[in-house]
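K.L.:
Here's a structure for you.
The values are calculated or read from the model by the stated rules, or taken from the named source; none is laboratory data. Note that the structure is a prediction, hence the values are computed from the model and not measured. Using ideal geometry, Cβ is built from the backbone for each residue, glycine included, and neighbour counts are taken over all protein chains shown.
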Amino acid sequence: MHVIDTGDIDVYLGLDVGKGEHHATAVTPAGKKAFDKRLPNTEPKLRELFAKLQAKHGTVLAVVDQPASIEALPLAAARDMDCPIAYLPGLTMRRIADLYPGKAKTDARDAFIIADAARAMPHTLRSVDLEDETIAELEMIVGFDDDLTGEATRVANQLHGLLTQIHPSLERVLGPRLQHPAFLALLERFGSPAQIRKAGRRRLVTLLRPKAPRMAERLVEDIFTALDEQTVVVPDTEAAALIVPSLAGSLAAVLDQRKLLAGRIEKLLEAHPLSQVLIPMSGVGIRTGARILIEVGDGSSFPSPAHLAANAGLAPATRNSGSSIRGEQPSQRGNKQLRRVPLLSASAALGDPASRAYYDKKIAQGKHRTQALLCLTRQRADVLFAMLRDGTFYKPQPARSASPNP
């Protein structure tokens with residue numbers, strides 16, 4: 001993200017955007033209002049406004065308070081009309097708003113502050129470049145992927161529950177691999193223990209082999225061993241036989257969607273310059289790297305690693321009860337998405353020797369596992385901040401043996 005040059009701007013247009021309509025305020029370089037009205041969130045009305053300001057004043061700088069989400073259409077229309085575009089970061093805007101009279105939070109006031117800040121404090125603006133648009137698309141896709149993850153968990157839990165209800169032994173075989181395409185194909189075709197047994201070993205092997213070539217025969221033997229452990233048919237088995245195939249098909253469809261999204265996320269991530277900084281870091285995969293770019297960006301929104309940790313709620317919160325119970329737990333404040341990413345990344349990084357050694361050192365110092373993981377997460381957040389700030393690559397550190405001393 002770069003500071004934008006406003007030297008050739010003839011009018012500054014601040015847009016406080018909304019889903020159905022925006023409030024638009026334009027000011028001249030002298031600070032005089034040239035436009036101050038609401039307008040619908042439609043391309044014809046946006047183009048009409050840009051054309052009117054261009055005809056009367058000249059070059060129009062269109063400014064919003066964030067470069068993604070519902071700002072997409074105004075920015076796209078402005079770019080197509082050859083208007084320079086920029087955004088005023090939300091945190092910066094909130095700080096600047098304190099300099100203006102009045103405390104009321106209105107669309108008109110916000111639009112004016114955006115326009116006037118662009119005029120008087122151009123150094124606070126950021127350009128909307130390809131990197132921002134990449135992050136905007138990532139945010140949309142990752143958000144949908146999060147929804148699909150929740151849906152997959154919900155459907156899988158339903159399947160676990162039904163299988164446990166009608167045949168616990170069969171669930172013990174299928175449950176741990178329930179999201180494997182081979183088992184989903186099996187349950188989509190045969191929804192009850194009786195149907196599975198009736199299909200026979202040979203037919204099941206033929207069904208499973210394309211999706212699990214090396215273990216199809218062993219899986220079938222495990223399934224029939226489980227089937228032999230229960231001779232009674234519990235109530236509702238027949239009803240479950242109608243539901244299980246539908247749930248298995250739904251889960252398979254959700255997982256297929258996630259695979260498609262993962263491919264697009266990977267391409268977008270590879271197109272972003274900072275991906276080369278993020279991906280080599282242990283514990284950072286495609287989806288984690290995408291979430292870091294969305295929530296942290298290049299780190300310029302955070303003055304220091306401590307600010308990043310505070311915003312993520314990574315600073316440990318002390319819990320005291322008199323003098324007998326003390327402990328440090330993760331703070332419940334801060335951006336939950338921003339906190340979730342480094343915590344998951346730190347958990348995944350425990351396979352890295354250096355990260356494991358640091359974690360073990362904290363355990364040896366007397367910290368509980370949650371506390372030790374929080375310490376590792378904070379350390380990795382500091383490293384991540386420095387990498388993003390400086391554009392430097394992750395360098396694995398040699399593991400050090402655990403020691404009770406800090």
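K.L.:
Restricting attention to the range 148-175, report how many residues are of a type outside the set (S, T, Y), more than 17 Å from A252 (Cβ to Cβ) and surrounded by fewer than 16 Cβ atoms within 10 Å (Cβ to Cβ).
P.N.:
Number satisfying all stated conditions: 4.
K.L.:
Moving to a separate point now. What residue, among those in the range 205-225 that are of a type in the set (D, E, K, R) and without any contact (Cβ under 8 Å) to a residue 24 or more places away in the chain, is farthest from S192 (Cα to Cα)?
P.N.:
Of the range 205-225, the ones of a type in the set (D, E, K, R) are 209, 211, 214, 217-218, 221-222.
From what is left, the residues that are without any contact (Cβ under 8 Å) to a residue 24 or more places away in the chain are 209, 214, 217-218, 221.
Details: R209: 20, R214: 25, E217: 20, R218: 20, E221: 17 Å.
Per the criteria, the residue is R214.
K.L.:
Shifting gears a bit: Quick one: which of L227, L242, L208, L261 is within 30 Å of V128 (Cβ to Cβ) and of a type in the set (A, V, I, L, M, F, W, C)?
P.N.:
On the way: L227 fails: within 30 Å of V128 (Cβ to Cβ); L242 fails: within 30 Å of V128 (Cβ to Cβ); L208 fails: within 30 Å of V128 (Cβ to Cβ).
Of the residues listed, the single one that is within 30 Å of V128 (Cβ to Cβ) and of a type in the set (A, V, I, L, M, F, W, C) is L261.
K.L.:
Looking at (1) surrounded by 14 or more Cβ atoms within 10 Å (Cβ to Cβ); (2) on the phi > 0 side of the Ramachandran plot, which one does G102 not meet, given that it meets all the others?
P.N.:
Failing condition for G102: (1).
K.L.:
Please go through the range 346-385 and pick out each residue that is crowded, with 17+ Cβ neighbours inside 10 Å, under 16 Å from I292 (Cα atoms) and among the small types (G, A, S).
P.N.:
A346, A349, A381, listed by residue number.
K.L.:
Report the residue count in the range 226-253 for those that are part of a helix (DSSP H, G or I) and touching a residue at least 40 places away in the same chain (Cβ under 8 Å).
P.N.:
Summing the residues that are part of a helix (DSSP H, G or I) and touching a residue at least 40 places away in the same chain (Cβ under 8 Å) in the range 226-253 gives 16.
K.L.:
Anything in the range 304-351 that is assigned to a loop (DSSP other than H, G, I, E, B) and either modelled with pLDDT under 70 or among the acidic types (D, E) (or both)? List them, or say none. It would help to see each step written out before you state the result.
P.N.:
Keep residues of the range 304-351 that are assigned to a loop (DSSP other than H, G, I, E, B), which gives 304, 313-316, 322-324, 330-335.
Result: A315, P316, G322, S323, S324, P330, S331, Q332, R333, G334, N335.
K.L.:
Return the only residue of A216, A199 being under 25 Å from K259 (Cα atoms) and among the small types (G, A, S).
P.N.:
Numbers: A199 fails: under 25 Å from K259 (Cα atoms).
From the options A216, A199, the qualifying one is A216.
K.L.:
So, one more: Among the residues of the range 262-282, which ones are in contact with a Pro (Cβ under 9 Å, 6 or more places away or on another chain) and among the polar types (S, T, N, Q)?
P.N.:
S282
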